[in-house]
Amino acid sequence: MSAPIAGRRVKFGKTDGDVRVKDGGKLLAGGFIAGTLIVESGGYASILGMVGGLVIEPGAKASLRGMCTGDVTNHGGELTISGTVKGVLYGRSTTRVMPQAMIGQHGEPIDPGTGEGPVPETAALASTVIDDLVNVRWANVRASFDATMRDQLSEAELAASWLQLTGLVGNYRGHGDTAVDRAGELTRTTTPLRFDSGEFVARITFRDDHTIAGLYIFIPEAGNPNDL
């Protein structure tokens, strides 16, 4: 059971169990909360001490300058981390991580050069593109292209490329789970595809506005994808 905080509160010393900051609540946590600190929409928490876990809900605000000994999950609130997370950080793409922060593990792969995480829901976007290709909805796929892709690949060329592929490898049989990672300013998805003649890989790259910057299908062993 969690202890609710609805007004202004300063906590020092040890607190057993979970703590929940409600709408309008403001918490300065300078001690040790052994359980999970949950910040609801409209709530605010500044963590100078230690918490066992941290959950930030949409519409909440929090600053972690101390330490979280477990996992941090940001569901879309305003979270800034300048301290230490011993566990996993989930919701990196919506979290501001300062250069001095120490994160045990990211729930989503990030680009080591920029520190940026992938665009949320990119795996679902990739599945939609694959479904549109399989069901010959060429206009839907091309409508998601960025300006460069639209200039390079017409709807007719897209259709011809897919039909040529299936003519060579047989019918599409399904796909596996999509892996997502960040590459500079782009989010890259990699999805295994199954055809009659074997396994292929779809590599679809998205910009932050969800437009498609690259679309490739290749044999996994080849290593160098070619344009669809």
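The values are calculated or read from the model by the stated rules, or taken from the named source; none is laboratory data. These figures come from a predicted structure and were not determined experimentally. No Cβ is skipped: glycine too gets one built from the backbone with ideal geometry, and neighbour counts run over all protein chains shown. We work out accessible area using only protein heavy atoms, side chains counted, and drop any ligands, DNA or RNA first. Shrake-Rupley method; radii C 1.70, N 1.55, O 1.52, S 1.80 Å.
Scan the stretch 140-159 residue by residue and report those that are more than 27 Å from the chain's Cα centre (by Cα) and over 16 Å from F218 (Cα atoms). Steps first, answer last, please.
Of the stretch 140-159, the ones more than 27 Å from the chain's Cα centre (by Cα) are 151-159.
D151, Q152, L153, S154, E155, A156, E157, A159, listed by residue number.
Within the stretch 1-28, how many residues turn out to be outside any loop (DSSP other than H, G, I, E, B) and modelled with pLDDT under 90?
Within the stretch 1-28, the subset outside any loop (DSSP other than H, G, I, E, B) is 3-5, 8-11, 14-15, 19-21, 26-28.
Retained after the next criterion (residues that are modelled with pLDDT under 90): 3-5, 8-11, 14-15.
Qualifying residue count for the region: 9.
Looking for something at positive phi and more than 28 Å from the chain's Cα centre (by Cα) - is there at least one such residue anywhere in the stretch 35-45?
We begin by selecting, within the stretch 35-45, every residue at positive phi; these are 42.
Adding the requirement that they be more than 28 Å from the chain's Cα centre (by Cα) leaves none.
No: the stretch 35-45 contains no residue that is at positive phi and more than 28 Å from the chain's Cα centre (by Cα).
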Do we find that G214 is surrounded by 16 or more Cβ atoms within 10 Å (Cβ to Cβ) and touching a residue at least 24 places away in the same chain (Cβ under 8 Å) in this structure?
yes
Of the candidates I212, I219, I204, the one satisfying the condition of being among the aliphatic types (A, V, I, L, M) and touching a Leu at 6+ places or on another chain (Cβ under 8 Å) is I204
For the stretch 33-58, enumerate the residues that are over 14 Å from T73 (Cβ atoms), of a type outside the set (S, T, N, Q) and not in a strand (DSSP E or B).
G42, G43, L48, G49
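Of all residues in the stretch 140-173 being outside any helix (DSSP H, G or I), within 26 Å of D208 (Cα to Cα) and in contact with a Leu (Cβ under 9 Å, 6 or more places away or on another chain), which is least open to solvent (accessible area, probe 1.4 Å)?
If we filter the stretch 140-173 for residues that are outside any helix (DSSP H, G or I), which is where we start, we get 144-146, 153-154, 170-173.
Next cut, within 26 Å of D208 (Cα to Cα) only: 144-146, 153-154.
After this cut, where a residue has to be in contact with a Leu (Cβ under 9 Å, 6 or more places away or on another chain) as well, the list is 144-145, 153.
Details: S144: 43, F145: 1, L153: 31 Å².
Checking each candidate, the answer is F145.
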For the stretch 59-79, how many residues meet the condition of being touching an Asp or Glu at 6+ places or on another chain (Cβ under 9 Å), open to solvent by 40 Å² or more (accessible area, probe 1.4 Å) and assigned to a strand (DSSP E or B)?
1
